[in-house]
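Q: Below is one structure. I have some questions about it.
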Amino acid sequence: MPNALTETSGLICTGPNRLWSHNDGGNPNEIHQIDTNGTILRTLTLQGVTNNDWEDLTQNDAGEVFVGDFGNNSNNRTGLVIYKIPNPDSISGNTVTPGRIDFSYPDQFDFPPADSLLNFDMEAFVAYNDSLYLF
């Protein structure tokens with residue numbers, strides 16, 4: 001992978017020889033288009049958001065892309081969010097303002113909870129039909 005993607009944490013394929021990836025939390029709020037040799041073809045900045053702990057990205061059948069800012073290794077986050085953008089291949093500029101899906105765990109009451117209840121971390125998700133499935 002190129003130096004700009006040393007902490008790559010998600011990967012989707014949007015067409016022949018076209019992949020999009022991003023770095024894990026604490027890195028810039030960008031997704032990168034790369035080819036299958038790992039050459040960066042383009043960088044797209046998601047405006048107005050922070051990469052707190054981006055873990056994964058997925059694409060639905062309509063081509064919309066979702067970026068999961070839901071990493072919660074310490075189980076102490078209250079602001080979990082999934083960002084939604086149009087198909088990045090269709091965006092003409094280098095920036096996009098994403099939509100937001102804010103969520104929380106309905107059964108998490110302490111931040112962090114007791115050690116025996118540390119199960120409020122998300123690492124991956126997929127889009128299927130009209131739903132997002134989070135793991």
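Q: Among the numbered criteria (1) closer than 22 Å to Ser131 by Cα; (2) open to solvent by 20 Å² or more (accessible area, probe 1.4 Å), which one does Tyr83 miss?
A: Among (1) closer than 22 Å to Ser131 by Cα; (2) open to solvent by 20 Å² or more (accessible area, probe 1.4 Å), the lone unmet condition for Tyr83 is (2).
Q: Please go through region 22-48 and pick out each residue that is open to solvent by less than 20 Å² (accessible area, probe 1.4 Å) and under 27 Å from Ser104 (Cβ atoms).
A: Within region 22-48, His22, Asn23, Ile31, Leu46 qualify.
Q: How do the strands (runs of 3 or more DSSP E) wholly within region 2-66 filter down when requiring 1 or more residues that are within 21 Å of Gly99 (Cβ to Cβ) and in contact with a Lys or Arg (Cβ under 6 Å, 6 or more places away or on another chain): which remain?
A: Here the list reads 30-34.
Q: So, one more: Scan region 87-109 and tell me whether some residue there is among the small types (Gly, Ala, Ser), closer than 20 Å to Cys13 by Cβ and at pLDDT 95 or above.
A: Yes.
Q: I want to confirm something. Restricting to region 108-128 and keeping residues that are among the acidic types (Asp, Glu) and either under 23 Å from the mean Cα position of the chain (by Cα) or assigned to a strand (DSSP E or B) (or both), which single residue is nearest to Asp24 (Cα to Cα)?
A: Filtering region 108-128 for residues that are among the acidic types (Asp, Glu) and either under 23 Å from the mean Cα position of the chain (by Cα) or assigned to a strand (DSSP E or B) (or both), the one nearest to Asp24 (Cα to Cα) comes out as Glu123.
The values are calculated or read from the model by the stated rules, or taken from the named source; none is laboratory data. Here the structure is a predicted model, which is why all the values come from computation and not from measurement. Positions of Cβ are generated from backbone atoms using ideal geometry, with glycine treated the same way; all protein chains shown enter the neighbour counts. Keep in mind that these areas ignore ligands, DNA and RNA; they rest on the heavy atoms of the full protein, side chains included. Shrake-Rupley method; radii C 1.70, N 1.55, O 1.52, S 1.80 Å.
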